[in-house]
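Contents: one structure, followed by commentary.
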Amino acid sequence: MTGDDCYFTRFLKQRRDEGLLRALTPRNRNLIDFSGNDYLGLAAHPGLKQAVKEAVDSFGVGSGASRLLSGDSEIFHQLEEKTARFKGKPAALVFNSGYQANIGIISALCRNNGVIFLDKLSHASIIDGGFLSGAKFFRFRHNDCEHLQELLNKHRRKFKTALIITESIFSMDGDKAFLADIAGLKEEYDCLFMVDEAHATGIFGSNGAGLVEELGLSCRIDIIMGTFSKALGSFGAYVACSKELKEYFINSARSFIYSTALPPAIIAASNAAIDIVRQEPWRGKVLLDNAKYFRDGLLARGADVRGDSQIVPYIIGDNRQALELSGKLLQKGYWVPAVRPPTVHIGQARVRFSVTSNHSREVLDKLVNIFE
Ligand SMILES: *Cc1c(COP(=O)(O)O)cnc(C)c1O
């Protein structure tokens, strides 16, 4: 089991040869960070830190068990009520991470002769939920509602339950889904509709609840999922839905049932983060203004940048060229990751700029001027 015969060795060699090998690099705090998802800088906010310290003093660190055993406490229920109000749904359930939420919910919903229709660019956790469910699934072309309708026409009636899934803001392309159009199709074809707001929560909408809020669609979407780990600066995830679906997930989502509850201090941080976002909605506005300023600057210099949010992808195509650009930016003091297949489609390698509300105009100008 060594040398070229070994599957692991061959796998790694192939990844290396194709410029696709991934490696862990501890974060260098001297670099200007354009890689993270802490879009509002809340991960270091004094309000979150204080909430964590107080909760550790009251509750200790670990939860000690899953919530269905002895890991539940009142603070989880407070966060769930707050999240439900924030998202405009009757109920909410906390999951340990966005990944666990997606695999748990999707596999629970589609287990019984179900079918799933999902956007081709859906996050890996959504796709893995599809695999885990054992349901048949069809992927529609990115943001192509005509293709979705074609697939619905062809396949919907052969199945008892159907679930349509999309992200609201796409994680690697930074563009928006046509949520109102999909809601129309969901109604026409009698499907459940689930939206992943991982990159929209805390940013879009007048209360910062997400793109669903901004478009006034919460009552037409059955399941709104999102994370506390990105713009909210904390950790974990939520599902906002009806009271009945919540009860169903508590009884059927295996990633919820069979995993230790998050530490209470993390729940306290998420509670504080929602309060801050609601009390200070200017944060999201500053962020989106920054992103527009930056994107317009790059466009003016002829760069192939896309998106309509704080995520600004610069499409390169070739894996090695994307790595080279990322390397050049690193030398100049900016941490901008190259994103390569399989995270994005083959031939779509890119560098992905994550703009934050903490980036000053001066920093954005300097970075844009590199592309002169
Ligand atoms: C980050 C992300 C997740 C996973 O969330 P974690 O809390 O990091 O596990 C799920 N869906 C989308 C679209 C994401 O970008």
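The values are calculated or read from the model by the stated rules, or taken from the named source; none is laboratory data. Since the model is a prediction, treat every value here as computed from it, not as a measurement. Virtual Cβ from ideal backbone geometry, glycine too; neighbours counted across all protein chains shown. What goes into the accessible areas is simple: the full protein's heavy atoms, side chains included, and nothing from ligands, DNA or RNA. Shrake-Rupley method; radii C 1.70, N 1.55, O 1.52, S 1.80 Å.
Key figures for this structure:
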read-out: Two-site label geometry, residue 66 and residue 324: point separation in nm, points 7 Å out along Cα→Cβ; value: 5.1 nm
read-out: Additional length obtainable on full extension of the chain from residue 113 to residue 146, 0.36 nm per residue less Cα span; value: 9.4 nm
read-out: Length gained when the stretch residue 81-residue 258 is fully extended (0.36 nm per residue, less Cα-Cα span); value: 61.4 nm
read-out: Modelled FRET efficiency - R0 22 Å, residue 120 with residue 155, Cβ distances, 0.05 increments; value: 0.85
read-out: Cβ charges +1 (Lys, Arg) and -1 (Asp, Glu), total dipole of the range 88-199, debye; value: 580 debye
read-out: Alpha carbon centroid spacing (whole Å) that separates the range 190-216 from the range 119-139; value: 20 Å
read-out: Cα radius of gyration and Dmax for the range 212-297 (Å); value: 16.1, 50
read-out: In the range 49-143, the trypsin sites (Lys or Arg not before Pro) that fall in loop regions by DSSP, at most 11 other Cβ within 10 Å; value: none
read-out: Accessible surface of the chain [probe 1.4 Å, protein heavy atoms]: carbon and sulfur percent; value: 52 percent
read-out: Per residue, the convex hull volume that the Cα atoms of the range 3-130 enclose (Å³); value: 263 Å³
read-out: Among 236, 31, 217 - extreme Cα towards positive end, dipole of the chain, charges at beta-carbon; value: 31
read-out: Ranked by how many other beta carbons lie within 10 Å on average, peptides 202-213, 23-34 from highest; value: 202-213, 23-34
read-out: Prolate/oblate/rounded label for the range 51-100 (Cα gyration tensor, a/c 1.5); value: prolate
read-out: Rg(Cα)/(2.2 N^0.38 Å) for the range 111-234, N = residue count; value: 1.01
read-out: Check: the chain dipole with +1 on Lys, Arg Cβ and -1 on Asp, Glu Cβ, in debye; value: 580 debye
read-out: Cα centroid separation, the range 271-330 to the range 1-46 (Å); value: 20 Å
read-out: Distance-filtered residues of the range 74-90 - backbone nitrogen under 17 Å, label point 7 angstrom along residue 219 Cα→Cβ; value: 85-90
read-out: Farthest toward positive dipole pole in the range 135-294 [+1 Lys/Arg, -1 Asp/Glu at C-beta], among 248, 269, 282; value: 248
read-out: Flagged links, alpha-carbon separation over 24 Å, of 120/292; 186/230; 89/176; 158/243; value: 120/292; 186/230; 158/243
read-out: Radius ratio Rg over Rh of the chain, counting only Cα atoms, Kirkwood formula for Rh; value: 0.97
